[in-house]
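The values are calculated or read from the model by the stated rules, or taken from the named source; none is laboratory data. Please read these numbers as outputs of a predicted model, since none were measured by experiment. Because the Cβ atoms are built from the backbone with ideal geometry, glycine has one as well, and the counts that use them run over all protein chains shown. Keep in mind that these areas ignore ligands, DNA and RNA; they rest on the heavy atoms of the full protein, side chains included. Shrake-Rupley method; radii C 1.70, N 1.55, O 1.52, S 1.80 Å.
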2 protein chains.
Amino acid sequence: MRRIRITLAYDGTGFHGWHVPRVLQDTLSEVEGSPVHVTASGRTDAGVHALAQTAAFDLDNPIPPENLLRALNRLLPAEIRILSAAEAAPEFHPRYDAMGKTYEYRIYRGPVCSPFERNYVYHHPYPLNTEVMKAMAGLFEGQHDFSAFAAADEADAMGRSKVRTIFQSELESSGERLTYRVRGSGFLKHMVRNIVGTLIEAGKGNLSREQMLAFLEAGGKRKAGPRAPASGLFLMSVDYPAHPA
Amino acid sequence: MRRIRITLAYDGTGFHGWHVPRVLQDTLSEVEGSPVHVTASGRTDAGVHALAQTAAFDLDNPIPPENLLRALNRLLPAEIRILSAAEAAPEFHPRYDAMGKTYEYRIYRGPVCSPFERNYVYHHPYPLNTEVMKAMAGLFEGQHDFSAFAAADEADAMGRSKVRTIFQSELESSGERLTYRVRGSGFLKHMVRNIVGTLIEAGKGNLSREQMLAFLEAGGKRKAGPRAPASGLFLMSVDYPAHPA
């Protein structure tokens, strides 16, 4: 038995929930001739995209990784592409070993959204104070209790810490595009989309700096949000410790 | 009655045949409250995209063009976007008045095609002699009988001239991308896709310069091709005489 680690990209538009690994599992089971279990760094919501998700699985099949990559890309739907495949340490675990993840959220502010981008941005052609949003984005950096930014079902789950560390939280404005980029130790369900929705509220002038800080205080009961649409969200990369030499 | 001229972009992926104008017609009829007939510069095949198609129609409704644009973009599916709308001369006709059209055909040559580009390129990860293709592309410029590059049903239609004038026919290579750009007085059904398919055959070494020239001779009976997939083809623009001052 060998453990294989892959990175994959997918267009989340047509996928509901945790559909991508299931498709991957079915395809790998075909290659292996028996059921294969795929573990990923985490789930992405329906409609959320990935430029570089990490996953792993065990195979008996001695197929070289580069041939496996080609075989998978032949068998998988074009919405999912394997970008790399390599042998991994037998104990490698995409979720437990992840040190951090980077997400990008893309907003298009122009009056008319290109039909070719409709599934890959959040089209928001209304006034926003981007200077306020940029300043607010920085408030998320550091260690915070993100209960106010968790999905309703996860926020209510007892006993699981909602504390996460955000290494970088930045909003960039370029012409008619706003890009929010966040790198952190881990993310709660819907957390990035709730952060973006809250930043947009701030950009509309509906939220003061004090109200934003209150959301980030432990034990806060008020929910932040609303949640921004899935289409604008991309999982950009998952960080792991450097491979042992 | 006033004539309105619009430019529109559409993602042809989900559209079959002449579906776009029909959707447009239904939406305009809703706005007008009675049937509206839409004329475009020409048809695009199922799966072919447009960055700037031109169409026109008559309305009794006195709605200003900029409000009409907003109303249409609210009512139309996001795959179709109106880019501009303006009053036109009552005799303006998008097909008869067109002086030329520009198409672009996009080929991606890398081993793995991004899931986000799968519907917007032709993925061709096999060896091609691009120098040969570039030289061959130039042969199409000028006035030729394009019978060999017409769709089978159109090629057999008697009495309609297959002579067209190509102003520019160029292949550009940049990294893993090949872009074929062609501007001409008009195009037969499937003509651009048949030209690209034939250029690819030349790039594979299956077609000599003499064979290519034979396709461009009047009265040639042999069909060129095969036809390249629709996904890579974009209608870039339609040219009209400058508006009278």
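Please report the buried accessible area for the interface of B with A, total over both chains, probe 1.4 Å, in Å² to the nearest 100. Could the numbers behind the result be given before it?
Working: alone 12120 and 12130 Å², together 22820 Å².
Approximately 1400 Å², summed over both chains.
Remark: the protein assembly as shown carries a charge dipole of roughly 20 debye about the Cα centre, counting +1 on each Lys and Arg Cβ and -1 on each Asp and Glu Cβ. Per residue, the average separation of C-alpha pairs within less than 8 Å and at least 6 apart gives chain A a relative contact order of 25 percent. Measuring against 22 Å, Cα to Cα, the residue pairs A:Lys134/A:Lys162; B:Lys101/B:Lys204; B:Lys162/B:Lys223; A:Lys162/A:Lys189; A:Lys162/A:Lys204 contain A:Lys134/A:Lys162; B:Lys101/B:Lys204; A:Lys162/A:Lys204 as the ones spanning a longer distance.
Trypsin sites (Lys or Arg not before Pro) within region A:98-169: which are DSSP loop residues with at most 14 other Cβ atoms inside 10 Å? Please list the in-between numbers first.
Values: sites: A:Lys101, A:Arg106, A:Arg109, A:Arg118, A:Lys134, A:Arg160, A:Lys162, A:Arg164; in loops: A:Arg109, A:Arg118, A:Arg160, A:Lys162.
Those that pass, being in a loop and sparsely packed, are A:Arg160.
Considering only DSSP beta bridges where both residues belong to the protein assembly as shown, give the percentage that are antiparallel (nearest 5). Provide the component values of the computation, followed by the final result.
Numbers: 88 of 96 bridges.
That works out to approximately 90 percent antiparallel.
Using a/c under 1.5 as the rounded threshold, could you call region A:75-133 rounded, prolate or oblate? The axes a ≥ b ≥ c are square roots of the C-alpha gyration tensor eigenvalues, and prolate needs a/b larger than b/c, oblate otherwise. Because a/c hits 1.5 or more and a/b fails to exceed b/c, region A:75-133 counts as oblate. Dividing the helix sum by the residues of chain B, where each DSSP H run of 4 or more adds -39500 (n - 2.57), gives a mean residue ellipticity at 222 nm of -7000 deg cm²/dmol.
Volume of the convex hull of region A:1-95 (Cα atoms only), normalised per residue: 80 Å³. Using a 7 Å projection from Cα along Cα-to-Cβ, the label point at B:Asp26 is separated from the same position in the remaining copies by 3.0 nm, smallest value first.
With N as its number of residues, region A:1-47 has a Cα radius of gyration that, divided by 2.2 N^0.38 Å, comes to 1.20.
Among bridges DSSP assigns within chain B, what percent are antiparallel (round to 5)?
On the way: 44 of 48 bridges.
Here the share of antiparallel DSSP bridges comes out near 90 percent.
Phi-derived couplings, Karplus 6.51 cos²θ - 1.76 cosθ + 1.60 at θ = phi - 60°, listed residue by residue for region B:222-239: 5, 8, 7, x, x, 6, 6, x, 5, 3, x, 9, 10, 7, 8, 6, 10, 9 Hz, with x used for Gly and Pro. Take each residue in B:111-120, count the other chain C-beta atoms within 10 Å of its C-beta, and the mean is 6. For chain B, the longest principal axis of the C-alpha atoms and the axis of helix B:19-32 are separated by about 10°.
Taking N as the number of residues in region A:106-220, what value does Rg over Cα atoms divided by 2.2 N^0.38 Å take? Write out the running numbers ahead of the final one.
Working: Rg = 14.7 Å, N = 115, 2.2 N^0.38 = 13.4 Å.
Ratio of Cα Rg to 2.2 N^0.38 Å: 1.10.
Of all the accessible heavy-atom surface of region B:1-133, with the other protein chains kept in place and a 1.4 Å probe, what percent is carbon and sulfur? Here carbon and sulfur together make up 52 percent of the probe-accessible area.
For the protein assembly as shown, with every protein chain kept in place, what is the accessible area per residue (1.4 Å probe, Å²)? Before the final figure, lay out each step's value.
Values: 22820 Å² over 490 residues.
Here the residues of the protein assembly as shown average 47 Å² of exposed surface.
Against chain A, whose longest principal axis is taken from its Cα atoms, helix A:191-203 shows a tilt of about 20°. If a/c stays under 1.5 just call it rounded; otherwise compare a/b with b/c (prolate if a/b is bigger, oblate if not). Do that for region B:129-179, with a ≥ b ≥ c from the square roots of the Cα gyration tensor eigenvalues. Because a/c hits 1.5 or more and a/b exceeds b/c, region B:129-179 counts as prolate. Rounded, prolate or oblate: which fits region A:42-160, taking a ≥ b ≥ c as square roots of the Cα gyration tensor eigenvalues, rounded meaning a/c under 1.5, else prolate when a/b beats b/c? Verdict is oblate for region A:42-160. Across peptide B:76-82, the average count of Cβ atoms from other chains found within 10 Å of a residue's Cβ is 3.
A simple spin-label model places the labels of A:Asn206 and A:Ile63 4.9 nm from each other, with each point 7 Å out along Cα-to-Cβ. Relative to its Kirkwood radius, the Cα radius of gyration of the protein assembly as shown gives an Rg/Rh of 1.03. With the charge dipole of chain B set up from +1 on Lys and Arg Cβ and -1 on Asp and Glu Cβ about the Cα centre, the Cα lying farthest toward the positive end among the listed residues B:Val48, B:Val163, B:Pro229 is that of B:Pro229. Summarising the label geometry, the points placed 7 Å from Cα in the beta-carbon direction at A:Val163 and A:Ala135 lie 3.0 nm from one another.
Take every Cα pair under 8 Å whose residues are at least 6 apart in sequence, average their separation, divide by the length of region B:117-195, and the relative contact order is 30 percent. Remark: relative contact order (region B:13-119) = 26 percent; criterion is Cα-Cα distance under 8 angstrom and separation of 6 or more residues.
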